[in-house]
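This report refers to the structure that appears directly beneath it.
The values are calculated or read from the model by the stated rules, or taken from the named source; none is laboratory data. Just so it is clear, the structure is predicted and the values come from calculations on it, not from any experiment. No Cβ is skipped: glycine too gets one built from the backbone with ideal geometry, and neighbour counts run over all protein chains shown. With ligands, DNA and RNA removed, areas are computed over all heavy atoms of the protein, side chains included. Shrake-Rupley method; radii C 1.70, N 1.55, O 1.52, S 1.80 Å.
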Amino acid sequence: MLTVDIYNMAKSSADDKILSYNDVVLRRSDLTILSGPHFLNDRIIEFYFSYLTSCHPSEFILLVPPTISFWVTNCPDLESIKDFLQPLNFPCKKLVIFPINDNDDVEKAEGGSHWSLLAFYRGKNVFVHHDSFGGSNKRYAKRLYEALVPYMGISNGAYGECSNTPQQMNGYDCGLYVLAIARAICCWYEREGPKDEEDLRFTYVKEQVSPLVVFGMRNEILGLIRSLGAIDKRMDPSSSVSKEEDTLGLEYNNNNVKKARLLSTLATLLDDPILADVPRKPTLSDVDTLISLELGSAMRINFLKMDRTSFDVAVMNSATVKDLKLAIKKKVNEMEQSKMGHRHISWKHVWGNFCLAHHNEKLLDDNAALQDFGIRTNSQVHFVPYVAARATQRHSRRKKHRFFHGLNRRSA
């Protein structure tokens, strides 16, 4: 079966066909590119653009394949491309997205070292360049813009650089940023675009495209190829798959593949040094908080231990003192378990004798919002003794010393 081929890449050659989707043929070598930290090629870009076209079936939206963008950018005789572009019907499109590559050599296949994206918005008659690497493709974007204007059905179109385009954090994810930005623009246009054409800086793109989202796209696209490959196999009349196998395949793709894809994506994400502070077995709440950090709706707080070392925890901007205490408890328990195995800490005893403080102000009310104490992202909190009202609830200094000494050794 096709899905077996995908999971056993080493058994066949790099040129073996894996999937035929619309007019795009993916080969085994493309899966290798997606599986590691590699620069995306034309075929992967074209495949995902074709997939986005299927997801947003509008006569007004056009995602142009990389080969066409490349030829228009580098064609020495612009008059000769008129017949070439006519079938694309640019004058009737309201949103057109072009991938841009910095390859100058028309005779060199799979050349270049950087991808970016040029989007045309007919509502404002403007081309906007989205570059995830500080505008390094600006020269090629302007060249493509100048070549396209005569064929867009406009008298004169403006050109602009999107200054708040999300920026890549390495030298090889530019293609993934193009795909993520293209997806975000299509979603934005379908939902808000015609009503919100004044907002050409696209805060929606900035909100939807983050290093975390982009990092997970490799596994996401691999999972997409697997699922489309399985569907393609079941629709093939020459397939020898039995009804029983087909039913099992459907169940597998509907349940196990989704679960495996999610677990694989999480495992890959958690191996990245950027996410070293994320729990090894994150809950849905942990993932939500992490995404919220990227979007600015959560904050990272530093907790200073008694031995003067510290660690960070993440909580929502609307978190209470109780939420922060739970986050600290969870972090300490995880650190303890990973370094020296399970040891019991009586948190009831901890919170009964000590409380958190921020700038020497005690956080005594569990239901109080952290922001009421002036706590913002990168603020620091620490332990201070909790002085009980009744003498019978006080503990000796020696007992407190023994307790904190044990806590420091366990959580350090």
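Note on region 63-99: residues that are under 20 Å from residue 131 (Cβ atoms) and open to solvent by less than 40 Å² (accessible area, probe 1.4 Å) amount to 14.
Conditions (1) touching a Lys or Arg at 6+ places or on another chain (Cβ under 9 Å); (2) at negative phi; (3) surrounded by fewer than 20 Cβ atoms within 10 Å (Cβ to Cβ), marked per residue:
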residue	(1), (2), (3)
101	no, yes, no
107	no, yes, yes
111	no, yes, yes
125	no, no, yes
132	no, yes, no
135	no, no, yes
140	no, yes, no
143	no, yes, yes
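Here 359, 382, 349 are screened, and the one residue that is on the phi > 0 side of the Ramachandran plot and either in contact with a Pro (Cβ under 7 Å, 6 or more places away or on another chain) or modelled with pLDDT of 80 or more (or both) is 359. Residue pairs whose Cβ atoms lie under 8 Å apart, sitting 6 or more positions apart in sequence or on different chains, and linking a residue in region 306-335 that is farther than 21 Å from residue 365 by Cβ and without any contact (Cβ under 8 Å) to a residue 24 or more places away in the chain to a partner that is open to solvent by less than 60 Å² (accessible area, probe 1.4 Å) and assigned to a loop (DSSP other than H, G, I, E, B), are 333/345. A single entry from 232, 236, 199 fulfils the requirement of being within 28 Å of residue 39 (Cα to Cα), among the acidic types (Asp, Glu) and modelled with pLDDT under 90: 232.
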